[in-house]
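The values are calculated or read from the model by the stated rules, or taken from the named source; none is laboratory data. All values derive from a computational prediction rather than experimental measurement. All Cβ positions, even for glycine, are placed from backbone atoms using ideal geometry, and neighbour counts span all protein chains on display. With ligands, DNA and RNA removed, areas are computed over all heavy atoms of the protein, side chains included. Shrake-Rupley method; radii C 1.70, N 1.55, O 1.52, S 1.80 Å.
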Amino acid sequence: MPQVVDFKTVSASGLESSPVADALAGLRANEARYISNKYEIEFSVDAADESPEIVTWVHDILQSERSLVIASRPLQTTAFIAAGIQFAYVFYESGLSINVMYELDEGGKRAVGFKLSDGMEIPGELASTFKFARQKSKLAGTVRGSYFVIKGEHRPVSR
């Protein structure tokens, strides 16, 4: 059953096994606030084991585009379409958040974003390839982020 992410009262519900659960909850709330403000959509998440198609879609993009395999266990996911863009988010036990923004129109902008929760180390699989910029967030503390542009075609996730 989907859990609506409240960005006014941050909760670590569903993320308790993460060593940086509170920071990851803040990062998740920060994403929820962005989506709510920009697209007027309620941001809700499911347990990753209840939405394997989202994890598979994101992992397939990572593998085919950059030969990346994420070592951490996925905890929660969400996927939705807004303004002609397929969005998918996976929140990992390590504190990593990965989001895919995939414009559905041919030739549209498409990218994968990585965000690191406050207090976590850069995962080994990302450390040598990506530089992370820092930004401050009231909800998430200091967030470090990076991204890459998707070059190939990937069938949008069905949900």
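Quick rundown of the values:
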{"quantity": "Matching residues in the range 93-145 - criterion: being under 22 Å from residue 82 (Cβ atoms) and aromatic (Phe, Trp, Tyr)", "calculated": "102, 114"}
{"quantity": "Matching entry among 97, 18 (being part of a loop (DSSP other than H, G, I, E, B) and buried (at least 22 other Cβ atoms within 10 Å of the Cβ))", "calculated": "18"}
{"quantity": "Subset of the range 112-121 [crowded, with 17+ Cβ neighbours inside 10 Å and either farther than 24 Å from residue 19 by Cα or without any contact (Cβ under 8 Å) to a residue 60 or more places away in the chain (or both)]", "calculated": "112, 114, 116"}
{"quantity": "Of the criteria (1) farther than 22 Å from residue 110 by Cβ; (2) acidic (Asp, Glu); (3) under 13 Å from the mean Cα position of the chain (by Cα), which one residue 31 fails", "calculated": "(1)"}
{"quantity": "Answer residue from the range 129-149, given it is exposed (fewer than 14 other Cβ atoms within 10 Å of the Cβ) and not in a strand (DSSP E or B) and is modelled with the lowest pLDDT among those", "calculated": "138"}
{"quantity": "Candidate set: the range 31-51, residues that are open to solvent by less than 70 Å² (accessible area, probe 1.4 Å) and of a type in the set (S, T, N, Q); chosen: the one nearest to residue 83 (Cα to Cα)", "calculated": "36"}
{"quantity": "Which listed residue, of 65, 106, 121, 42, is modelled with pLDDT under 95 and under 17 Å from residue 156 (Cβ atoms)", "calculated": "106"}
{"quantity": "Matching entry among 108, 26 (being over 28 Å from residue 138 (Cβ atoms) and of a type outside the set (Asp, Glu))", "calculated": "108"}
{"quantity": "Test: residue in the range 76-84 that is farther than 17 Å from residue 35 by Cα and out of contact with any Asp or Glu (no Cβ under 6 Å at 6 or more places or on another chain)", "calculated": "no"}
{"quantity": "From the options 54, 70, 61, residue that is under 22 Å from residue 127 (Cα atoms), in contact (Cβ under 8 Å) with a residue 24 or more places away in the chain, of a type in the set (A, V, I, L, M, F, W, C) and crowded, with 21+ Cβ neighbours inside 10 Å", "calculated": "61"}
{"quantity": "Filter result for residue 109 (basic (Lys, Arg) and crowded, with 23+ Cβ neighbours inside 10 Å)", "calculated": "no"}
{"quantity": "Selection within the range 109-128 - in contact with a Ser or Thr (Cβ under 6 Å, 6 or more places away or on another chain) and either among the β-branched types (Val, Ile, Thr) or assigned to a strand (DSSP E or B) (or both)", "calculated": "114, 115"}
{"quantity": "Boolean, residue 90 is under 9 Å from the mean Cα position of the chain (by Cα), open to solvent by less than 30 Å² (accessible area, probe 1.4 Å), among the aliphatic types (A, V, I, L, M) and more than 17 Å from residue 41 (Cβ to Cβ)", "calculated": "yes"}
